[in-house]
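Worksheet: one structure, shown below.
What follows is calculated from the coordinates using simple rules that are stated; it is not laboratory data. Source: prediction; values computed, not measured. FYI the Cβ positions are ideal-geometry reconstructions off the backbone, even for glycines, and counts take in every protein chain you see.
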Amino acid sequence: MLRISLLFAAILVLTLFGAPGVVGAEGVLEGTVVNKTGGEAPVNGQEVELTALKEDGSTGLTLVTRTDDGGNFRFADLTGGDTSTYVLSTRFQDVEYQASVKSSELAESRGKADIVVYDSADEVGIQVELAHLVVEVDPATRDLTVLEVAIVENPSDRTLVPKAWNGQTLWFPLLRGALHPQVTEGLDQVADPNKDVDGLGYTGPVPPGKRQVVYSYMLANPGSSFNIAKQLAYPTGKVNVLMADVGQGISGPKFFSQSPVTIKDRNYLFLTGESFEAGQSVDLAVSNFPSPSSSPGSGSMDQVRWAVLAVMGAGALALLLAYPRVRSSRQAASRRGRTVHQRHTTLLNQR
């Protein structure tokens, strides 16, 4: 009799609370596929895939359904187990869109996650809200390490897709003579380090909203006087320029000198410019640039990181997290760059 009572109690617990590992009493995840181009229209007949991501990063359960006439989808009988996140995805006009729900969010109720999609277009009026050009100087060789950060915005209600003639959605020109370009965030076309390159691109879709682009490169010692001339591919609201102060002068049209800043015991010249049109150039003249010193060089990317953090504030957190990848690649590039320093300087002087 006691055994029967215990069995009945166990069944009652399972009935009320569900078996261990079950995601919620109902184990349901539902939502709507909504097209936000020109409003908010449900998308019917759209295939939606659910993938369970386990705590160890591997994938588990995969289910597929289609939206009904109201754009709604529903996945039932979901069991938690070692699943940490459910990822919902759909492909609309050749672009994949996703939404995700943590399994813990389904523990007490039905999960809800809408998937927002947009019409595609190969021109949406991309613009740069804010750009940073940070130049560090190696004390020994006077080579330059340049880090560029751009806050890119798609202001439209359409997703930018690659153009048919070049397969790209974004393009950022580099300074002439750029060596060892390295993408940290927001782009996917890394140049061949053994060849001259005039820019870096991106081939993926760019949905409405903002994204951060970060990349870096080196310039061989450009001599005592030189120009920094960088073409802007997109309308740019504001450009900040920070250059390590080694006794040089720097100025340019549309730029205004700000008070120098001190970052980690190093001084930086600080200039700002506003309202640049697409195709316009950032033109800066550098004068009285000193010759290489006999003292050994230091880890210049440390200074670049702190300089960017100083001008970006809390928004630079993503860059700070990405910094170790930049630093390791830049250190390797620096070692390669010094071995060919003399040859690159000659090439630069011929351009």
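Couplings 3J(HN,Hα) for the stretch 276-287, derived from phi with the Karplus relation 6.51 cos²θ - 1.76 cosθ + 1.60 (θ = phi - 60°), are 9, 8, 4, x, 6, 9, 7, 10, 10, 9, 10, 10 Hz, where x marks Gly and Pro. Taking amide H as placed 1.01 Å from N in the peptide plane, the amide H of Q231 sits under 5 Å from that of V282, each at least 5 places away or on another chain.
Ranked by the mean number of other Cβ atoms within 10 Å of their residues, highest first, the peptides 257-269, 43-55 fall in the order 43-55, 257-269. Quick check: from the Cα gyration tensor, does the stretch 196-276 come out rounded (a/c under 1.5), prolate or oblate? Since a/c reaches 1.5 and a/b is larger than b/c, the shape of the stretch 196-276 is classed as prolate.
Here the residues D188, D77, D283, ranked from fewest to most Cβ neighbours within 10 Å of their Cβ, fall in the order D77, D188, D283. Amide hydrogen proximity for N35: with H placed 1.01 Å from N in the peptide plane, the residues at 5 or more positions away or on another chain lying under 5 Å are A41, V43, V117. The Cβ shell under 15 Å around I151 holds other residues with a net charge of -2, Lys and Arg each +1, Asp and Glu each -1.
For the stretch 121-136, backbone phi angles converted through the Karplus equation (6.51, -1.76, 1.60; θ = phi - 60°) give residue-by-residue couplings of 8, 9, 8, 9, x, 4, 9, 10, 6, 8, 10, 10, 10, 10, 10, 9 Hz, Gly and Pro being listed as x. Computed FRET efficiency, Cβ-Cβ of R211 and D77, R0 41 Å: what is it to the nearest 0.05? In this case the efficiency is close to 0.65. The value of relative contact order for the stretch 70-161, using C-alpha pairs under 8 Å at least six residues apart, is 23 percent.
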